[in-house]
1. Considering every residue within segment 70-89, establish whether at least one is in contact with a helix residue (DSSP H, G or I) (Cβ under 9 Å, 6 or more places away or on another chain), touching a residue at least 12 places away in the same chain (Cβ under 8 Å), in a helix (DSSP H, G or I) and farther than 19 Å from Val129 by Cβ.
2. Tell me which residues, restricted to segment 95-131, are within 29 Å of His16 (Cβ to Cβ), open to solvent by less than 20 Å² (accessible area, probe 1.4 Å) and touching a Leu at 6+ places or on another chain (Cβ under 8 Å).
3. Could you tell me whether any residue of segment 38-59 is at pLDDT 95 or above, under 18 Å from the mean Cα position of the chain (by Cα) and charged (D, E, K, R)?
4. Could you list, in sequence order, the residues of segment 29-43 that are assigned to a helix (DSSP H, G or I) and without any contact (Cβ under 8 Å) to a residue 12 or more places away in the chain?
5. With the requirement that a residue be more than 30 Å from Leu20 (Cβ to Cβ) and either open to solvent by 20 Å² or more (accessible area, probe 1.4 Å) or outside any strand (DSSP E or B) (or both), what does segment 44-68 give you?
6. Can you give me the number of residues within segment 133-147 that are surrounded by fewer than 23 Cβ atoms within 10 Å (Cβ to Cβ) and touching a strand residue (DSSP E or B) at 6+ places or on another chain (Cβ under 8 Å)?
Amino acid sequence: MTASLTKAQLRRHMQHTLSLLSPAQLLTESTTVIHLVTSLPAYQRAQHLSIYISTPTSELQTTQLIRHALKEGKRVYVPRCDGQIMQMVELKDGGLETMARNKWGILEPGKEERAVDPNVLEFVLVPGVAFDSHGNRCGHGKGYYDRYLQQTQAFTCAVCLNDQVIEAVPVDAHDQKPNMIISPNGILFEKQ
């Protein structure tokens, strides 16, 4: 697949491709990537981490990483979206079980929860739809992470499944490259 597709076309193609993943493959690839993430020095040093909450299918599963970070005594922050704004909110006691689903079906903290200053974060796990070896990512199309990453100096690590790696992702001027992209095959990209 090449960059000749528009981002909208790429998102539709990836949605179909990822819908074909078996639950076993999704779990295996997610577990492999989570193991690689937890072995990163940037992850191990960080005490304040932002980890996105994954959808149940068609996306790298993050519940295992959230549990690992909490078990290690790290403070975990998860996204909350309101209009064009994404904020990170600390995961409280009760964790994921106490959250409601937003309009996309993703668990999200309530509006009464206070957001953290982006500069507190030391590590941000970044989702996406498609990735390439040049550090480019195609997100879900709302620009939440591109805008948020401009507000923080945290180490940013995008994660993906093998089927999400393509030859070239279409790039726009506002797109933010993560410090690193990890797939089940290892480090796909690392900023120099």
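1. Yes - at least one qualifying residue is present in segment 70-89.
2. Val124, Leu125, Val126, Pro127, Val129, Ala130, Phe131 - these are the residues of segment 95-131 that are within 29 Å of His16 (Cβ to Cβ), open to solvent by less than 20 Å² (accessible area, probe 1.4 Å) and touching a Leu at 6+ places or on another chain (Cβ under 8 Å).
3. Within segment 38-59, not a single residue is at pLDDT 95 or above, under 18 Å from the mean Cα position of the chain (by Cα) and charged (D, E, K, R).
4. His35, Pro41 - these are the residues of segment 29-43 that are assigned to a helix (DSSP H, G or I) and without any contact (Cβ under 8 Å) to a residue 12 or more places away in the chain.
5. Matches in segment 44-68: Gln44, Arg45, Ala46, Gln47, His48.
6. The number of residues fulfilling the criteria is 6.
The values are calculated or read from the model by the stated rules, or taken from the named source; none is laboratory data. All values reported here derive from a predicted model rather than from experimental measurement. Neighbour counts are summed over all protein chains in view; Cβ atoms, including those assigned to glycine, are modelled from backbone coordinates with ideal geometry. Just the protein is used for accessible areas: all its heavy atoms, side chains included, with ligands, DNA and RNA removed. Shrake-Rupley method; radii C 1.70, N 1.55, O 1.52, S 1.80 Å.
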